[in-house]
Amino acid sequence: MTSRKRKEAPARRRRGKAETRAERNIRWIETWCFVPEGKDVGKPLKLRPWQKREIRKIYDNPAGTRTAIISFGRKNGKTALAACLLLLHLCGPEARWNSQLNSAAMSRDQAALVFGLAAKMARLNPSLDEHLHILDSFKQIRCPAIGTLYSALSADAGTNFGKSPVFIVHDELGQVRGPRHDMYDALETAVGAHEEPLSIIISTQAPNDGDLLSILIDDALSNRDPQTVISLYTAPMEADPFEDATIALANPAYGDFLNASVVKKMAEDARAMPAREAEYRNYVLNQRVEAINPFVTKTVWLANGADPKEPKGAFGGLDLSEVNDLTALILVSPRRSRFDVTSRFWLPEEGLAERSRQDRVPYDVWARDGFIERTPGQSIEYEFVAGQIAELFRDHDIRKIAFDRQYMRQFRPWLVKAGLSDSFIDSRFVPFGQGYLSMGPALRTLESLLLNRKLRHGNNPVLTMCAQNARATKDPAGNRKFDKSRAGGRIDGMVALAMATSIAGEVLHERHVYDVPIAQITE
């Protein structure tokens, strides 16, 4: 391969054209890499125009690229593209003497995909196969002539991440839930030992805004760092999800090697069975949507995200926690045909950073930004929360607060100590069951409000997290309740919101809360 490059150099000079780094890499891939599988297996690989654009974006970046993020729908050849880039750095013009390279995935099976395609490409080209040693059992490829070594790593294999790679492919990072992941952090820290390292993140989008890939994408889209480049192929949430033009926005290979008829069949299945729509939106349209159907879809939740007004004539739902979990108080204030939502959340101050890592949720950041209030000590201090609620009663017109009776016996003495009389507590606090009998009507009310865009929750990030996590389960009669065992994380805010909207409807004597006449509410 080295002698071949020497022979080609004079020819390039004779043409009188200066070849960019990206053009050199494109030429190398199309010369040395063969199609690893499918109908054209064994033929020289021909990069599509959009793939060449991605390579130019990475390697012709004037600032130099440290991180490249490429995100599109599934089955667009992401693994094959990653394998080409891997070989480019293992034994091509981007190779560095005695360097280590990694591909990283969440599972053994996923980790094997990049390795498998890279190994097939190498074996199909006798010239490459001659220079490379492929160790299938270890998922490694070595180029002894220049001392480079590639290893496939997986998070579930207990792999030792004590490496020092110069090149990393993070495959399907969108599978990481929460803002952090040990393997990602370890590998990204390790590349600091090299000059000009390169990380390639190639993945379908994560479902939630608070997930690691979403945070990285949003940061890249802000153009804060010129050494981070991004290509996000996604369909707008408001677009018709079943139109060809919408599908093509998220799938650059649509109608090419991505079979259009197969994708259209998935679209028709999603149209006929709404339970499959979330999965279709995430996997095919590359939208930030939870593939497991939540109680409320992201589109519906965002449609209710207008900023609320201050609580006035409010009704509340209080979800008390035990020990060190999230405690939530949600107030809803009926105004005309809309409900303004005010959210209050509490967590213990001590161990907040550790709980953020454990739950993979940025509680510490939200606390810093004022969306979570810290209670003293290592566990939820009912005295502190009771004092805060008593202050809310003094400062705002709060009519009723519904509560889960499970913890009220321990909480009531602290309300009294905070200055609320027993008679006041009895008149303002309403016990609310958490079973199907009580929560069934409450979920119907909340669902109606959401579908009719009658809430204004201001996109509070903690409440939004709870909404994304919430799942409902049914009894044989079709009644529903929130199921914490099936939830994707904390749902305390949604439990409190359901109680608040339900108690408001009962007190206002309306069949549907959003139909409250103007004369009965406080403007």
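The values are calculated or read from the model by the stated rules, or taken from the named source; none is laboratory data. Since the structure is predicted, the reported quantities are computational estimates derived from the model, not experimental observations. Because the Cβ atoms are built from the backbone with ideal geometry, glycine has one as well, and the counts that use them run over all protein chains shown. These area figures cover heavy atoms from the full protein model, side chains too; ligands, DNA and RNA do not enter into them. Shrake-Rupley method; radii C 1.70, N 1.55, O 1.52, S 1.80 Å.
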Run the dipole for segment 302-452 about the Cα centre, Lys and Arg Cβ at +1, Asp and Glu Cβ at -1, nothing else charged, and hand back the magnitude in debye, nearest 20.
-> 600
Surface accessible to a 1.4 Å probe, per residue, for the residues of segment 141-277, Å² = 44
On the full set of protein chains, 1.4 Å probe, figure out the accessible area of S379 and give it in Å² to the nearest 10.
-> 40
Scoring only Lys, Arg, Asp and Glu (+1, +1, -1, -1) among other residues with Cβ under 15 Å from the Cβ of E238 yields +1
Other residues with Cβ under 15 Å from the Cβ of L320 give, with Lys and Arg +1 and Asp and Glu -1, a net charge of -2
Quick one: how many Å² of E19 are accessible to a 1.4 Å probe, rounded to 10?
-> 60
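Based on the Cα atoms of the chain, what semi-axes does the equivalent ellipsoid have, where each is the square root of 5 times one gyration tensor eigenvalue, given in whole Å with the largest first?
The equivalent ellipsoid of the chain has semi-axes of 54, 25, 19 Å.
Give me the percent relative contact order of the chain, please, defined on Cα pairs under 8 angstrom at least 6 residues apart.
Relative contact order, the chain: 13 percent.
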Might you report the magnitude of the Cβ-based charge dipole of segment 175-302 about its Cα centre, with Lys and Arg at +1 and Asp and Glu at -1, to the nearest 20 debye?
-> 400
For segment 353-423, what is the relative contact order in percent, using Cα pairs closer than 8 Å and at least 6 residues apart in sequence?
-> 27
Of the peptides 258-264, 496-502, 171-177, how do they stack up when ordered by the mean number of other Cβ atoms within 10 Å, highest first?
-> 496-502, 171-177, 258-264
Taking a 19 Å limit on the Cα-Cα distance, which of the listed pairs K46/K75; K78/K163; K75/K264 fall beyond it?
-> K78/K163
Proximal charge balance of L446 [Cβ under 11 Å; K/R count +1, D/E count -1] = +2
Nearest 5 is fine: what % of DSSP beta bridges in the chain come out antiparallel, could you say?
-> 40
